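Undergrad: Pasting a structure below so you can have a look.
Every number in this text was worked out from the coordinates using simple rules, so none of it is lab data. Because the structure is predicted, anything quoted here is derived from the model rather than measured.
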Amino acid sequence: YATVTHLHAVGDGCPDILVGYKGINYLMEIKDGNKPPSDRKLTKPQVAWHRDWRGTVHVVLNSQEAFAVLDITG
């Protein structure tokens, strides 16, 4: 199973969650896949954070996409 720490309150464009799975950390920005694409865009602070981050961050629209990042089927 995975562990999740919520980071959304950090602000300044920091991704929404940090997921630990099989010894690897994953940063994920969660966007609402039910909204139109124009409403799913990264905010200016998120764009800057993603640009400046020296690691990997994933943008996911739903739990299935998050599972795919972790290579979990189901």
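Undergrad: Write down the percent of antiparallel bridges among all DSSP beta bridges whose residues are both part of the chain, to the nearest 5.
TA: On the way: 9 of 13 bridges.
Around 70 percent antiparallel, to the nearest 5.
Undergrad: Once amide H atoms are placed 1.01 Å from N in the peptide plane, what residues at a sequence separation of 5 or more from Ala2, or on another chain, have their amide H within under 5 Å of its amide H?
TA: Counting only residues 5 or more places away or on other chains, the set is empty.
Undergrad: Can you compute 3J(HN,Hα) from phi for each residue in segment 35-51, using the Karplus curve 6.51 cos²θ - 1.76 cosθ + 1.60 with θ = phi - 60°, rounded to whole Hz and x for Gly and Pro?
TA: Result, rounded to whole Hz: 8, x, x, 5, 8, 9, 5, 5, 6, 4, x, 5, 4, 5, 4, 4, 4.
Undergrad: Shifting gears a bit: Using a/c under 1.5 as the rounded threshold, could you call the chain rounded, prolate or oblate? The axes a ≥ b ≥ c are square roots of the C-alpha gyration tensor eigenvalues, and prolate needs a/b larger than b/c, oblate otherwise.
TA: Details: a/c = 1.97, a/b = 1.24, b/c = 1.59.
Oblate shape, in that a/c is at least 1.5 and b/c is the bigger or equal ratio.
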